[in-house]
Amino acid sequence: MLGLKLPTDPRWVNIVEKNIEDILTDHAYCEQKATSTAISLIVSFPEYTDLVIEMTALVKEEISHFKMVHDRIIANGWVLGRDRKDDYVIQLLKFFPKGGSRTTQLVHRLLYAALIEARSCERFRLLSEELEDKELAEFYRKLMVSEANHYTMFLGFARQYGDRDQVDKKWQDLLNYEAEIMKGLGKKQTMHG
């Protein structure tokens, strides 16, 4: 369903289980960045009313996810750690050239967002199926459903605002590029890395 070309190595879950505090901190910042992305799309493209409406709802949902993750951190007696650079996103954002028309810029941002949500969904599914902590596994199962909805929403908007054939080609090219990135990741206690 997600179209990802390279699945996460299941051994990544072993890294997660040994570093739950780090993963939850990284996850909290991912939710915060997703909130910021939605706000940025509103600010940058206010003339797309249907997008603004959906991004407003997404801001509320993503910040609530941040709170849920933060609450888990607190419940474990931890504090939210410092944000770390996200090697996955840094590499991903190099794919599309800078510039172009406003529509092109919007489509590229939507495709990036769709792919990040798709990879998050895939990772959450893996955690929901493989974590020994069944309560945490169930937490990730619930979040997985949201991520899948976000992925399809962003991809749908990209197809709505751009030429469908061009968008689908860019999407496939981005998926192939992301698969190459993933070959070097999956060895850290981060949500995408």
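So which trypsin sites (Lys or Arg not before Pro) in region 18-113 are both in a DSSP loop and have at most 15 other Cβ atoms within 10 Å of their Cβ?
Working: sites: K18, K33, K60, K67, R72, R82, R84, K85, K94, K98, R102, R109; in loops: R82, R84, K85, K94, K98.
Qualifying residues, ordered by number: R82, R84, K85, K94, K98.
Let's test the formula: R0 of 35 Å, r as the Cβ-Cβ distance of A57 and L93. What FRET efficiency results, to the nearest 0.05?
Plugging the Cβ-Cβ distance into 1/(1 + (r/R0)^6) gives 0.90.
Work out how much length K183 to S101 would gain on full extension: take 0.36 nm times their residue separation and subtract the Cα-Cα distance, in nm to one decimal.
Taking K183 through S101 to full extension adds about 26.3 nm, to one decimal.
Find which of S128, W171, F96 sits farthest along the positive direction of the dipole of the chain, computed with +1 on the beta-carbon of Lys and Arg, -1 on that of Asp and Glu, about the Cα centre.
Farthest towards the positive end: F96.
Rounded, prolate or oblate: which fits region 85-171 when a ≥ b ≥ c are the square roots of the eigenvalues of the alpha-carbon gyration tensor, with rounded for a/c under 1.5 and prolate only if a/b beats b/c? Let's see the in-between values first.
On the way: a/c = 3.56, a/b = 2.05, b/c = 1.74.
Prolate, since a/c reaches 1.5 and a/b exceeds b/c.
Please report, in Å, the Rg and the Dmax of region 1-84, where both are computed over Cα atoms only.
Reported Rg and Dmax, both Å: 15.8, 46.
For K170, which lysines qualify as cross-link partners when the Cα separation must be under 19 Å and same-chain residues fewer than eight apart are set aside?
Result set, ordered by chain and number: K5, K94, K98.
Can you tell which of T25, S44, I73 lies farthest toward the positive end of the dipole of the chain, using +1 and -1 charges on the Cβ of basic and acidic side chains (Lys, Arg; Asp, Glu)?
So the residue we want is S44.
Say R0 is 25 Å: what FRET efficiency, to the nearest 0.05, do R82 and K18 get from their beta-carbon distance?
That pair, R82 with K18, gives E of 0.80.
Determine the calculated [θ] at 222 nm for the chain from helices alone, applying -39500 (n - 2.57) to every DSSP H run no shorter than 4 residues and normalising by the residue count; nearest 500 deg cm²/dmol.
Working: 7 runs with 142 residues, N = 193.
It comes out at -25500 deg cm²/dmol, rounded to the nearest 500.
Within region 102-175, which GluC sites (Glu not before Pro) sit in a loop by DSSP and count at most 15 neighbouring Cβ atoms inside 10 Å?
E132
Report, in debye and to the nearest 20, how large the dipole of the chain comes out about its Cα centre when Lys and Arg carry +1 and Asp and Glu carry -1 on their Cβ. Working shown, then result.
On the way: 27 positive and 30 negative charges, 105 e Å.
Roughly 500 debye for the chain.
When the Cα centres of region 83-100 and region 124-193 are compared, how far apart do they sit, in Å?
Each part reduced to its Cα centre gives a spacing of 15 Å.
Each value in this text was obtained by applying a stated rule to the coordinates, not by laboratory testing. This one's a predicted model, so the numbers in the text were calculated from it and none came from an experiment. No Cβ is skipped: glycine too gets one built from the backbone with ideal geometry, and neighbour counts run over all protein chains shown.
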